[in-house]
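Worksheet for the structure shown next.
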Amino acid sequence: MPDQHPAPKSRSHHPGCEEAANPECDCRRCFSLLHQHGILSAAITSEGSPTDFKARLTDLFGSAFTKVDSDPVPAQSTRREWQPIATAGTGKRRTQTEQRFVDVTLRDVLWNVHSILHPPSFKAGWLELAEGLTVTADWEGLAARLTAWTGDPDDGSGYFWSSMLAAAAVSPWTAGTPGAPDIITQSSLPQLGHARFPRAGSGRNLTAIREMANTNTTRAAADVISRALSRSALAIRDRRLVLAVVGSAVSPDLWHHPAATRHHLIPAVLGLRTRHNAQFSLDNHDAVEDRIDGDLGQKWRDRAAW
Ligand SMILES: [Zn+2]
C-alpha cells in the first residue's frame, strides 16, 4: 500500500523509482524504463479495490482537484509544494497551475485505466504490451548497452525513453506498426530532444536529452519499441492508447517534458474519452486536453518546443 514499495524488478533497481511518488525521481539505473512501473501495472491489471487504488493515486499524485488554482483544503493533498494563492508571486502561481494540470490529469488517466476497463479481461494484451514497451524483462541489459554508448545517465537521461516512445507515436504506422527506421527518423525532431518546463527560455533551463542525439541509442530503442508494438495482437487504436498511457507514466516529470505531454498525455486523455467515455477532473466548459494545449502547450509552442 502507499507507504510500502512492492518488490523491485531486480535487486539492482530502486523500488522508489518503480513507485515514484517524487516528481524529481532521478533514477540513474534504468533510464526511467521502470519509472512508475508499480502504479502503471496496477492500473492496467485493475489491482486492488477502487477505494484502495484511489488512495494510492492520492498518495502519489495528490488529490483530484477540479480547479487549477484552488488552494488545497485540509482533506486534500498536493503532489508538490503549494504556496497559498494569496501570497504566491506570478511565477509561482503559473508554476503551480502548470504542475496541477499534468499531475491531476496523469492521475485521472491511471484512474480511468484502472476503473473504466473493468474487469481486467477487457484489457487482455495490455500488460504484455506495456511490459514490452518498458523492456521489463531486460531493462538491465538495455540500460547497460545505453550506458556503453553514451556514458552514465545524466539529468536528461530519464526523459530518453518517453521521448523515444513519442517518436514512435508520431511515426507513420504502416502495416499496423511504426518501423524502426521511421522511429529513428522521427527521433531527430528537435521538439523531442529536450526537457524544459513551459516557460523555459534557454541556457540552464534547457536539459538536452543526450541519448536522443546518438545513433546507437536511438537505433537500439527504436528496435525494441517497434518489435513490442508489432508483436502485440491488439487493435491499432488500442496499441496507440497503451503507448500513450505508458509514455505518460514513464516520463520523470511531464511538467518538464513537452514531447510526453503532447504525444502521450493528450492522446491518452483523448483515447480514453472518445472510446470509453472517460471523465477528467479538470474538464470544465473546455476539455482538459484543450486546456493543457492552451496553457502549457502554448507556452512551449511560443518557444518552438511543441
Ligand atoms: Zn529506475
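The values are calculated or read from the model by the stated rules, or taken from the named source; none is laboratory data. Since the model is a prediction, treat every value here as computed from it, not as a measurement. Cβ: placed from backbone, ideal geometry, glycine included. Neighbour counts: every protein chain shown. The protein model used for the area step is the full one, side chains on, heavy atoms only, and it has no ligands, DNA or RNA in it. Shrake-Rupley method; radii C 1.70, N 1.55, O 1.52, S 1.80 Å.
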Original post:
Looking at (1) within 24 Å of Lys299 (Cβ to Cβ); (2) within 16 Å of the chain's Cα centre (by Cα), which is the one condition that is false for Leu129?
Top reply: (1)
**OP:** Within region 224-253, track down each residue that is more than 26 Å from Glu140 (Cβ to Cβ), open to solvent by 10 Å² or more (accessible area, probe 1.4 Å) and touching a residue at least 24 places away in the same chain (Cβ under 8 Å).
**Re:** Ala233, Leu234, Ile236, Arg237, Asp238, Arg240
Subject >> From Ala228, Ala220, residue being aliphatic (A, V, I, L, M), over 20 Å from the mean Cα position of the chain (by Cα), modelled with pLDDT of 95 or more and farther than 24 Å from Val104 by Cβ >> reply: Ala220
**OP:** List the number of the failed condition for Gly16; all other conditions in (1) among the small types (Gly, Ala, Ser); (2) within 16 Å of the ligand (Cβ to nearest atom); (3) part of a loop (DSSP other than H, G, I, E, B) hold.
**Re:** (3)
**OP:** Kindly state which helices (runs of 4 or more DSSP H) lie completely within region 24-126 and contain at least 1 residues that are crowded, with 22+ Cβ neighbours inside 10 Å and within 16 Å of the ligand (Cβ to nearest atom).
**Re:** 37-44
